[in-house]
1. Of everything in the stretch 216-240 that's in contact with a strand residue (DSSP E or B) (Cβ under 8 Å, 6 or more places away or on another chain) and free of Cβ contacts under 8 Å to residues at least 40 places away in the same chain, which residue is farthest from residue 296 (Cα to Cα)?
2. Is it true that residue 247 is more than 20 Å from residue 75 (Cα to Cα), touching a helix residue (DSSP H, G or I) at 6+ places or on another chain (Cβ under 7 Å) and surrounded by fewer than 19 Cβ atoms within 10 Å (Cβ to Cβ)?
3. Residues that are over 17 Å from residue 106 (Cα atoms), over 28 Å from the mean Cα position of the chain (by Cα) and surrounded by 15 or more Cβ atoms within 10 Å (Cβ to Cβ): does the stretch 139-146 have at least one?
4. Taking residue 207 as the residue in question, decide whether it is touching a helix residue (DSSP H, G or I) at 6+ places or on another chain (Cβ under 9 Å), buried (at least 19 other Cβ atoms within 10 Å of the Cβ) and at negative phi.
5. Can you name the number of the only condition in (1) surrounded by fewer than 23 Cβ atoms within 10 Å (Cβ to Cβ); (2) outside any loop (DSSP other than H, G, I, E, B) that residue 166 fails?
6. Could you run through the stretch 312-333 and say how many residues are touching a strand residue (DSSP E or B) at 6+ places or on another chain (Cβ under 6 Å) and not in a loop (DSSP other than H, G, I, E, B)?
7. Of the numbered conditions (1) crowded, with 17+ Cβ neighbours inside 10 Å; (2) assigned to a strand (DSSP E or B); (3) touching a helix residue (DSSP H, G or I) at 6+ places or on another chain (Cβ under 9 Å), residue 279 fails exactly one; give the number of that condition.
8. Of all residues in the stretch 283-292, count the ones that are in contact (Cβ under 8 Å) with a residue 40 or more places away in the chain, over 13 Å from residue 208 (Cα atoms) and not in a loop (DSSP other than H, G, I, E, B).
């Protein structure tokens, strides 16, 4: 990473401008509720009618897998570059379980010890061809731990001192790096060199990358060759969908996508299973752009915790985006 990028990391998610960006979400919104489980414990695959039966759509057939790939290829080829900025309201619940498919960097960085915690996290993603830049900024408030921060009376089982920091990863198509920078006076930055995009499969970027880089060998749906379509269409959230379901891998994990042919084969939902346990569930909303078609505008992540309950752990809302605008190559170095 060059000096300009290293300096820019200190500014967190706000270092980059969007020269002709579209603002699509305004206003404030609340964080997910950390205290209540999401019902039902097992996720709902499709809409149900008044009698509790799955609402099937016999009027339409399930497209061949080749049609999905053709539609995804056409969209990916049409969009060379894009930038997105969004805000995530996060609940870091006790008993959070990581998954091996899609890393969740902030959860991995903050152990879920003793209590639930909420954060508002600003993020950006820029992609040009195979080059990628990803960043976020997080402010973890001070909590008494009885050592660095002592509460004379009360709970001293917190995480300790405040940590306000930014994370940045870049990849220029050949090499890249990551940088974690304090936005207070100390400690010094932690820098790591990498030979591949460090965040190409992050859970928080799935909604965007499934829309614009679904077939990319690093950022896309990597296990497409293991996936098969189901036999019949059904309705999910009132729209006709079919499932693109991966066979379980040898360790017991699989990914399932809900695909909408009538909206350019976009992915409206992505779920990750371990055996028959529904571990991760991403619901994706879109807004139609007059020029570029369906654009991810909001996504909600529900996850299973160690006690078997399911919680809404993250809600993301896109604040601005731009498509096929020039991006200086130095931003990826």
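The values are calculated or read from the model by the stated rules, or taken from the named source; none is laboratory data. Remember, it's a predicted structure, so these values are computed and weren't measured experimentally. Heads up, the Cβs are rebuilt from the backbone with ideal geometry, glycines too, and the neighbour counts pull from every protein chain shown.
1. By that ranking, first place goes to 226.
2. Considered against the rule, which asks whether it is more than 20 Å from residue 75 (Cα to Cα), touching a helix residue (DSSP H, G or I) at 6+ places or on another chain (Cβ under 7 Å) and surrounded by fewer than 19 Cβ atoms within 10 Å (Cβ to Cβ), residue 247 comes out as yes.
3. Yes; the residues of the stretch 139-146 include at least one that is over 17 Å from residue 106 (Cα atoms), over 28 Å from the mean Cα position of the chain (by Cα) and surrounded by 15 or more Cβ atoms within 10 Å (Cβ to Cβ).
4. Considered against the rule, which asks whether it is touching a helix residue (DSSP H, G or I) at 6+ places or on another chain (Cβ under 9 Å), buried (at least 19 other Cβ atoms within 10 Å of the Cβ) and at negative phi, residue 207 comes out as no.
5. Residue 166 satisfies all of (1) surrounded by fewer than 23 Cβ atoms within 10 Å (Cβ to Cβ); (2) outside any loop (DSSP other than H, G, I, E, B) except (1).
6. Residues that pass the stated criteria total 14.
7. Just one mismatch for residue 279, condition (3).
8. Selection size over the stretch 283-292: 1.
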